[in-house]
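See structure below.
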Amino acid sequence: MRVSILPYDPAWAAAFSQMRASLFTALDGVPVISIEHVGSTSVPGLAAKPIIDIDVIVAQDDIPRAMELLTAHGYTYNPETWGDRYSFRYNAHAHDAGATRPTEDGAVRRAVYLNAPTGEGLKNHRTVRDVLLRDPGLVEEYARVKMELVTREFEGIGSYGAAKSGILRKIMAKGSLAPKVV
């Protein structure tokens, strides 16, 4: 598997805003605590896979209903979920974890993670985003690592993630968080 990494695109923030609104609509009836833009596309200046990562936070007891609603609104649950979050992909886009192909409708790809408010995966996403938002030097270093990785072939998205683990551990340590789930 190859991974596509693009220079930062300010349109990613606007795409997130539209996706956020559609998620609130899809989850009508579930008390949503927050819907947050996370991942590399949330950090101005950071090169990224053109996939908008979104954390949806609901109370633990509301997760089953939220999963049903996401499924009913065009999302497919990915059972290869990491840690304590539930991962979904948008059905309108053929699965392409490396983001190397354009989507069928021309829209930006999205990965939606359903989280309880105290989840480790949520803490990790927020920590990485927040540390990078305040440390331009780490943004540059992380971008360099990613650009080196685009030249490699990976067995899957997990091996791509493992190849970034060194820089991610450094980022999380700067945020005073020991990485458990990335």
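The values are calculated or read from the model by the stated rules, or taken from the named source; none is laboratory data. What you see is a predicted model; the values in this text were computed from it and never measured. No Cβ is skipped: glycine too gets one built from the backbone with ideal geometry, and neighbour counts run over all protein chains shown.
Does residue 17 meet the test of being hydroxyl-bearing (Ser, Thr, Tyr), exposed (fewer than 14 other Cβ atoms within 10 Å of the Cβ) and not in a helix (DSSP H, G or I)?
Judged against the criteria, residue 17 is not a match.
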State all residues of segment 104-119 that are out of contact with any strand residue (DSSP E or B) (no Cβ under 8 Å at 6 or more places or on another chain) and at pLDDT 90 or above; if no residue qualifies, say none.
-> 118, 119
Residues satisfying the stated conditions in segment 28-68, i.e. assigned to a helix (DSSP H, G or I) and in contact with a strand residue (DSSP E or B) (Cβ under 9 Å, 6 or more places away or on another chain) | 40, 41, 42, 62, 63, 65, 66, 67
The listed residue being within 18 Å of residue 7 (Cβ to Cβ) and of a type in the set (Lys, Arg), out of 144, 152, 134, 129 = 144
Would a scan of segment 94-103 turn up a residue that is at pLDDT below 95, surrounded by fewer than 20 Cβ atoms within 10 Å (Cβ to Cβ) and more than 21 Å from residue 159 (Cα to Cα)?
-> yes
Positions within segment 1-14 being exposed (fewer than 14 other Cβ atoms within 10 Å of the Cβ) and more than 14 Å from residue 48 (Cα to Cα), in sequence order = 14
Of all residues in segment 141-158, how many are among the acidic types (Asp, Glu) and touching a residue at least 60 places away in the same chain (Cβ under 8 Å)?
-> 2
Assess whether residue 80 counts as being within 27 Å of residue 145 (Cα to Cα), among the charged types (D, E, K, R) and modelled with pLDDT of 90 or more.
-> no
Select from segment 146-169 the residues that are buried (at least 16 other Cβ atoms within 10 Å of the Cβ) and farther than 21 Å from residue 111 by Cα and list them in ascending order.
-> 167
Which of the residues that make up segment 69-90 are among the small types (Gly, Ala, Ser) and either without any contact (Cβ under 8 Å) to a residue 12 or more places away in the chain or in a strand (DSSP E or B) (or both)?
-> 87
Identity of the residue in segment 109-139, free of Cβ contacts under 8 Å to residues at least 60 places away in the same chain and part of a helix (DSSP H, G or I), that ends up surrounded by the fewest Cβ atoms within 10 Å (Cβ to Cβ) = 137
Long-range neighbours under 8 Å by Cβ, at least six apart or interchain, first residue within 14 Å of residue 148 (Cα to Cα) within segment 160-174, second basic (Lys, Arg) = 163/152; 164/146
